[in-house]
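Heads up: the structure comes next, in structure tokens.
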Amino acid sequence: MDIAANKLQPHKYYAIALGSLLILLLSWNLAAALGHHGRPILALARKCLSQTLISVRLNGSSDVSVAAGLLIAALAAANILACVIFVKDVPTLAQRSGTLALINLVPLYLGGSRSLWINIACGVSHPVHGFAHRWIGRICLALAISHGLARLSMLEWKATYMHVILMVLLCLLGTASTILLRRRFYEVFVKSHVALSAGLQICLWLHISKGKNFETLCLGLAALLWSIHYAFWVARLAIRNLGGRTVPPGSIVALTDQGGSVKALALKISLRRPWRLSHGQYIYITIPSVPRTVGSAVQSHPYMIAWAPEVADKITTELHLLVQCQRGFSDVLRLARATATIWIDGPYGRGPKLDDFDKVLFLASGAGVAAHLLAIRHLLQGHNARTAQVRRLSLLWVLESEGLFYNLFCMECS
Ligand SMILES: Cc1cc2nc3c(=O)[nH]c(=O)nc-3n(C[C@H](O)[C@H](O)[C@H](O)COP(=O)(O)OP(=O)(O)OC[C@H]3O[C@@H](n4cnc5c(N)ncnc54)[C@H](O)[C@@H]3O)c2cc1C
């Protein structure tokens, strides 16, 4: 059969898109219509699909629930089908896998954990985005390698330096993203990942045959979205850290346990411009003067906004963070001076909407309480203003050492 005849025609794309939209609308309406009666069904579905795990998270990775597992399987199946359906020869397979890899590249280039599109515009949480990004990345890598292998098996095809560079870049991206390296050298991973992705983008531009074709459109879209994301990121970084009112440097206070050893730190940051706060937000901090290693000075780590005094309704000019000391940057931070310039990037993330629940239980261990304090304040304010339904609010806070956060509360009360 002729290759052109095998291609899915535009009207079929349209029919698939329309069908998917209809199914989405129907499911939405069905869930709404079920309303009160549907609650047990929804609860059962939630229990079986999103709360039952196929695999438990390793440090630096995510839990895989039944729903997430089904989604990965569907994504992989859709890609395999789109790759092999009606394919009779190797050149078509090579072309199809290459095009599919480029299609998958578009969501990948929406950005990482600080993505303007995913995190800020769509409000998708850090773990969900990380999970999706990793799996789409793996599928994209598999497609790109299949594309390369299919081309290699074609006798008339000659590999150039660009093909070798592309394969090396892909292998480096894949290897550097494995959980072992990600967990051990997170900062090196993040920075090299961005650099390798930029290199891949340039090499792909040189690799594809440009013109009014679908491949150019995909790569152009990926480049455009990535550029807008970075332009926005740089602008926001400048707004947060330059100009505005003159502020004192950030303060770093050590929190000791009963034995006197520093286990956590309390950071206070004055903002150059006031901002509107909501619970569940976090910022990335960089402290250029942090001692010991050069690397620590350029590292950027995420921390929840634990507390922020309000100067007006939800408006703040000061942020408080709680940092539990680990082995890297947060360990080095113990040796930092009591006052230091702290660069901030954010805020990112948003907390869950809790206003409609009448009993809310918060669980935390150590510095994890930082994720709850603003949510608790929001609920108490909502309760007083009668905008939140909460009647009973409990916080279960597990502390390894009683003395650890005692100093913090003494500081705040004085
Ligand atoms: C959204 C979010 C909010 C967080 N809020 C808080 C908080 O309020 N208080 C608190 O104590 N901790 C918080 N953390 C965890 C904190 O960011 C990490 O523990 C910290 O970056 C570790 O730094 P380190 O170099 O000392 O760690 P290391 O000892 O080198 O590594 C410890 C672990 O932290 C992870 N990690 C290292 N660097 C980063 C990074 N830049 N981004 C994400 N993970 C990293 C690694 O996967 C590693 O497994 C938060 C993490 C996230 C993702």
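Throughout, read-outs are computed from the coordinates displayed, never taken from laboratory work. Everything numeric in this text was worked out from a predicted model, so none of it was measured. Neighbour counts run over all protein chains shown; Cβ positions are idealised from the backbone, glycine included.
In table form, for the structure just shown:
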item: Neighbour count of at most 16 Cβ within 10 Å plus DSSP loop: longest GluC sites (Glu not before Pro)-free window in the chain; result: 157-399
item: Angle between the chain longest axis and helix 214-241 axis [Cα atoms, degrees, rounded to 10]; result: 10 degrees
item: Alpha-carbon centroid distance for the pair segment 226-255 / segment 26-105, whole angstrom; result: 37 Å
item: Approximate spin-label separation SER55-PHE357, in nm, with each point projected 7 Å along Cα-to-Cβ; result: 2.9 nm
item: Per residue, the convex hull volume that the Cα atoms of segment 250-413 enclose (Å³); result: 116 Å³
item: 5 angstrom amide H check on LEU255, placed H, neighbours 5+ away; result: LYS263, ALA264, LEU265, ALA266
item: GNM result for the chain, Cα springs below 10 Å: residue of ILE287, ILE305, ILE16 fluctuating most strongly; result: ILE16
item: Karplus (6.51, -1.76, 1.60) ³J(HN,Hα), θ = phi - 60°, over segment 243-251, in Hz, Gly and Pro reported as x; result: x, x, 7, 6, 10, x, x, x, 10
item: Assigned charges on the beta-carbon of Lys, Arg, Asp, Glu; the chain dipole about Cα centre (debye); result: 260 debye
item: Net charge contributed by nearby residues that have their C-beta within less than 15 Å of HIS133 (K/R +1, D/E -1); result: +4
item: Debye log10 I(q)/I(0) for segment 226-268, one point scatterer per Cα, at q = 0.29, 0.33 Å⁻¹; result: -0.96, -1.05
item: Gained length - GLU187 relative to LEU71, 0.36 nm times residue gap less alpha-carbon distance; result: 38.8 nm
item: 5 angstrom amide H check on TRP275, placed H, neighbours 5+ away; result: THR316
item: Per-residue [θ]222 nm for the chain (sum of -39500 (n - 2.57) over DSSP H runs n ≥ 4, rounded to 500); result: -16000 deg cm²/dmol
item: For the chain, built as a Gaussian network whose Cα springs stay under 10 Å, the top-fluctuating residue of GLN324, GLN258, GLN281; result: GLN258
item: At 1.002 mPa s and 20 °C, Stokes D of the chain from Kirkwood alpha-carbon radius, µm² per second; result: 86 µm²/s
item: Gaussian network model of the chain, springs between alpha carbon atoms under 10 Å - residue of LEU224, LEU204, LEU24 with greatest fluctuation; result: LEU24
